[in-house]
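For reference, the structure is listed below as structure tokens.
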Amino acid sequence: MPRKPGLLLPLLLLLLGPAPARSFGQLPLILNTWPFKNATMAAWKTLAAGGSALDAVESGCATCEQQQCDGSVGFGGSPDESGETTLDAMIMDGTTMNVGAVGDLRRIKNAIGVARKVLEHTTHTLLAGEAATKFAESMGFINEDLSTNVSQALHSDWLARNCQPNYWKNVIPDSSKYCGPYKPPTILKRDGIAYKDPAHSYSHDTIGMVVIHKMGNIAAGTSTNGIKFKIPGRIGDSPLPGSGAYADDMVGAAAATGDGDILMRFVPSYQAVEYMRRGENPTTACEKVISRIQKYFPKFFGAVICANVTGSYGAACNKLSTFTQFQFMVYNPLKSEPTEEKVDCI
């Protein structure tokens with residue numbers, strides 16, 4: 001029997017308690033990682049035109065893909081070791097709990113659109129690599145080169161710097177000094193090699209978006225081209241349900257951004273929703289997720305956004321020397337336009 005979110009809201013308001021003063025429990029709500037205002041606006045316009053929460057997430061993320069938000073979303077950014085740009089994306093329906101996702105998608109620009117087709121036209125959750133590209137072509141998407149002059153220049157510069165930084169360890173030749181191809185040594189040295197954290201630019205990353213419709217339907221999604229110079233075939237947290245994003249009409253939604261190889265090990269978006277299910281407000285839920293990861297990886301780069309069914313929202317991030325605040329976008333009926341908000345990292 002279909003859920004009736006509108007009937008559930010009064011009960012949920014009692015169970016979850018009053019919303020924080022900053023949001024006043026207003027719906028609909030658009031919430032997304034990083035100051036990607038155009039993406040927020042596109043999602044809002046979709047809702048205003050009568051679109052669903054899923055429609056809004058798709059249009060918001062697609063806008064970032066088209067505009068190559070900060071070079072970290074869409075075509076022409078973050079080339080892998082071979083110089084190719086590949087894409088990860090997912091979209092989740094909090095009413096049905098259905099998910100569509102793509103990982104290591106090649107030569108297709110609209111990754112979030114392909115993810116939506118996986119959700120609507122298959123019983124699968126995640127398609128990856130060349131097979132995902134073939135699926136996209138069968139759905140009418142155009143096969144085209146995702147490289148640009150910018151991504152090609154990034155790759156050439158990386159090669160000139162002896163492939164630094166990279167994501168290899170315990171291989172020969174020494175990956176901290178030379179390019180590959182790499183092979184494992186016959187006997188791994190046990191001399192306490194320190195963890196090598198490749199240099200990151202902490203100014204931007206994946207777009208993660210949460211949309212709560214005025215009727216209470218919730219959707220969440222992500223889109224990214226991953227990390228620069230990743231090992232070909234690498235898929236991060238973004239297209240993984242519960243890691244990159246998670247939505248549940250009964251509770252709320254969350255999305256994560258940052259070091260996907262660390263984040264996916266803790267399923268942060270799912271965990272944040274579960275904290276809210278237990279009665280935590282969104283800010284506390286986000287903070288608890290970050291604190292949980294900090295215990296194992298105190299220097300990880302990451303942030304989480306959270307929103308519950310009342311329209312209350314929050315965010316949290318891990319404090320590093322070069323990353324002390326996290327920026328995200330909010331749009332609800334109290335605001336005349338998308339608003340950039342900041343949170344101090346913990």
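The values are calculated or read from the model by the stated rules, or taken from the named source; none is laboratory data. The structure presented is a predicted model; accordingly, all values stated were derived computationally and were not measured. Using ideal geometry, Cβ is built from the backbone for each residue, glycine included, and neighbour counts are taken over all protein chains shown. Areas reflect the complete protein model, heavy atoms only, side chains present, ligands, DNA and RNA absent. Shrake-Rupley method; radii C 1.70, N 1.55, O 1.52, S 1.80 Å.
Restricting the first member to the range 276-299 and to residues that are of a type in the set (Gly, Ala, Ser), and the second to residues that are at pLDDT 95 or above and assigned to a helix (DSSP H, G or I), the beta-carbon pairs closer than 6 Å and six or more apart or on different chains are 285/272; 285/275; 285/276. Which count do you get for residues in the range 74-108 that are outside any loop (DSSP other than H, G, I, E, B) and either open to solvent by less than 10 Å² (accessible area, probe 1.4 Å) or of a type in the set (Asp, Glu) (or both)? Total satisfying the criteria: 14. In the range 261-274, the residues that are touching a residue at least 24 places away in the same chain (Cβ under 8 Å) reach residues that are open to solvent by less than 30 Å² (accessible area, probe 1.4 Å) and among the acidic types (Asp, Glu) with C-beta atoms within less than 7 angstrom, at least six apart or across chains, in these pairs: 263/237; 264/237; 273/248.
Among the residues of the range 52-72, those that are open to solvent by less than 10 Å² (accessible area, probe 1.4 Å) and modelled with pLDDT of 95 or more comprise 53, 56, 57, 60, 61, 64, 65. Based on what the data block shows, is residue 310 in contact with a Cys (Cβ under 6 Å, 6 or more places away or on another chain), of a type in the set (Ser, Thr, Tyr) and either open to solvent by 40 Å² or more (accessible area, probe 1.4 Å) or on the phi < 0 side of the Ramachandran plot (or both)? In short, no.
Is it true that residue 145 is open to solvent by 30 Å² or more (accessible area, probe 1.4 Å) and acidic (Asp, Glu)? Yes: the conditions hold for residue 145. In the condition set (1) surrounded by fewer than 24 Cβ atoms within 10 Å (Cβ to Cβ); (2) at positive phi; (3) in contact with an Asp or Glu (Cβ under 9 Å, 6 or more places away or on another chain), residue 49 is compliant with all but (2). If you go through the range 120-134 and keep only what is assigned to a helix (DSSP H, G or I), of a type outside the set (Gly, Ala, Ser) and open to solvent by 30 Å² or more (accessible area, probe 1.4 Å), you end up with 120, 121, 130, 134. Among the residues of the range 229-238, none qualifies, meaning not one is crowded, with 24+ Cβ neighbours inside 10 Å, among the polar types (S, T, N, Q) and farther than 15 Å from residue 101 by Cβ. Within the range 157-177, track down each residue that is without any contact (Cβ under 8 Å) to a residue 40 or more places away in the chain and either assigned to a helix (DSSP H, G or I) or closer than 19 Å to residue 79 by Cβ (or both). Selection gives 157, 159, 160, 161, 162, 164, 175. Would you pick out the residues in the range 313-346 that are surrounded by 18 or more Cβ atoms within 10 Å (Cβ to Cβ) and touching a helix residue (DSSP H, G or I) at 6+ places or on another chain (Cβ under 7 Å)? Matches in the range 313-346: 313, 314, 315, 316, 317, 318, 329, 331, 338.
Of all positions in the range 252-267, none carries a residue that is at pLDDT 95 or above and more than 19 Å from the chain's Cα centre (by Cα).
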